[in-house]
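One structure is given below, encoded as structure tokens.
The values are calculated or read from the model by the stated rules, or taken from the named source; none is laboratory data. All of these numbers come straight from a predicted model, not from anything done at the bench. Quick reminder, even Gly has a Cβ in these numbers, built from the backbone with ideal geometry, and neighbours come from all protein chains shown.
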Amino acid sequence: MRKVTAGLFHSLDGAVESPDQWQFDRFDDELGAFMGTTMARIDTVIMGRKGFEDWAGYWPNAEQDEDFAAFINNVPKHVATRTLKTQPAWQNSSIIEGDLDAFVRDLKAREGGEIAVMGSISVVNHLFLAGLLDELTLITHPVIAGDKYRKLFPAGTGTTRLELVSGQTTSKGNVIGTYRVLK
């Protein structure tokens, strides 16, 4: 069975929205190596509509020699949306027809590599709470982002115990923690 994962940049106060506004100069060789290793395992991406539209406006025209541009432009991307009605123009992209949970269960049952949720706080939250996200990686930057940014789990989310699968601290103080639900 394939694994569904998600990775988010995260501040000490829990912000996951708009990391470009608060992560500053925090990329280092260790974070780059981690991201490269992660991308090598992924052969399918699930995105939410808003993140998909934002990324589709940038990545198709990005320099192809950038590792992430080459990855995201070529990987199959499935968009969870209730509002998009026509198939997207961005190469290797399609709209998820029907129920998201059933779609993800079907993908997990197929042969292939890792399935990653990218560019969508709401889809990560939904799949996590539905028990369909196998691992959640938080790349925590040593910064307080402030309360104007969305958190992954809003107030009112119930208690869920997690276990640490792996952890690493980078030379610039990022903490890369991968978690799964404690069973």
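Tell me, which residue of the range 127-159 that is hydroxyl-bearing (Ser, Thr, Tyr) and touching a Ser or Thr at 6+ places or on another chain (Cβ under 8 Å) is farthest from Ala109 (Cα to Cα)?
In this case the residue turns out to be Tyr149.
Let's see how each residue does on (1) within 17 Å of Ile121 (Cα to Cα); (2) exposed (fewer than 14 other Cβ atoms within 10 Å of the Cβ):
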{"site": "Ile139", "(1), (2)": "yes, no"}
{"site": "Ala145", "(1), (2)": "yes, no"}
{"site": "Tyr149", "(1), (2)": "yes, no"}
{"site": "Ala155", "(1), (2)": "yes, yes"}
{"site": "Glu163", "(1), (2)": "no, yes"}
{"site": "Thr178", "(1), (2)": "yes, no"}
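Inspect all residues belonging to the range 43-52 and state whether any of them is farther than 12 Å from Val117 by Cα and of a type in the set (Asp, Glu).
No: zero hits.
Sort out which residues of the range 22-47 are touching a residue at least 60 places away in the same chain (Cβ under 8 Å), closer than 19 Å to Val124 by Cβ and out of contact with any Pro (no Cβ under 6 Å at 6 or more places or on another chain), and write them in order of number.
Trp22, Gln23, Phe34, Thr38, Arg41, Ile42, Asp43, Val45, Ile46, Met47
Say whether the condition of being of a type in the set (Lys, Arg), surrounded by fewer than 19 Cβ atoms within 10 Å (Cβ to Cβ) and touching a Ser or Thr at 6+ places or on another chain (Cβ under 8 Å) is met by at least one residue in the range 28-49. First the steps, then the outcome.
At the first step, the residues of the range 28-49 found to be of a type in the set (Lys, Arg) are 41, 49.
Those still in the list that are surrounded by fewer than 19 Cβ atoms within 10 Å (Cβ to Cβ) too: 41.
Within this subset, residues satisfying the condition of being touching a Ser or Thr at 6+ places or on another chain (Cβ under 8 Å) are none.
No, that holds for no residue.
Working carefully through the options Arg150, Arg161, find the one that is charged (D, E, K, R) and under 17 Å from the mean Cα position of the chain (by Cα).
Selected residue: Arg150, the only one of Arg150, Arg161 that is charged (D, E, K, R) and under 17 Å from the mean Cα position of the chain (by Cα).
Hey, Asn125 hits all of (1) in contact (Cβ under 8 Å) with a residue 40 or more places away in the chain; (2) part of a helix (DSSP H, G or I) but one; which does it fall short on?
Every condition holds for Asn125 apart from (1).
Among the residues of the range 135-152, is any more than 19 Å from Pro19 (Cα to Cα), in contact with a Lys or Arg (Cβ under 7 Å, 6 or more places away or on another chain) and either modelled with pLDDT of 90 or more or β-branched (Val, Ile, Thr) (or both)? Steps first, please.
The initial filter retains those residues of the range 135-152 that are more than 19 Å from Pro19 (Cα to Cα), namely 135.
If we keep only those that are in contact with a Lys or Arg (Cβ under 7 Å, 6 or more places away or on another chain) too, we end up with 135.
With the extra rule that they be either modelled with pLDDT of 90 or more or β-branched (Val, Ile, Thr) (or both), the set shrinks to 135.
Yes, because at least one residue in the range 135-152 is more than 19 Å from Pro19 (Cα to Cα), in contact with a Lys or Arg (Cβ under 7 Å, 6 or more places away or on another chain) and either modelled with pLDDT of 90 or more or β-branched (Val, Ile, Thr) (or both).
Determine which single condition Ala116 fails, assuming it passes every other condition in (1) over 27 Å from Ala33 (Cα atoms); (2) buried (at least 17 other Cβ atoms within 10 Å of the Cβ); (3) among the hydrophobic types (A, V, I, L, M, F, W, C).
Here Ala116 clears every test but (1).
So the check is Cβ under 6 Å with 6+ separation or different chains; which pairs have a first residue in the range 81-108 that's over 14 Å from Lys50 (Cβ atoms) and a second one that's loosely packed, with under 14 Cβ neighbours inside 10 Å?
What qualifies is Asp101/Ala130; Lys108/Met1.
Can you tell me which residues in the range 27-75 are within 26 Å of Thr170 (Cβ to Cβ) and polar (S, T, N, Q)?
Result: Thr37, Thr38.
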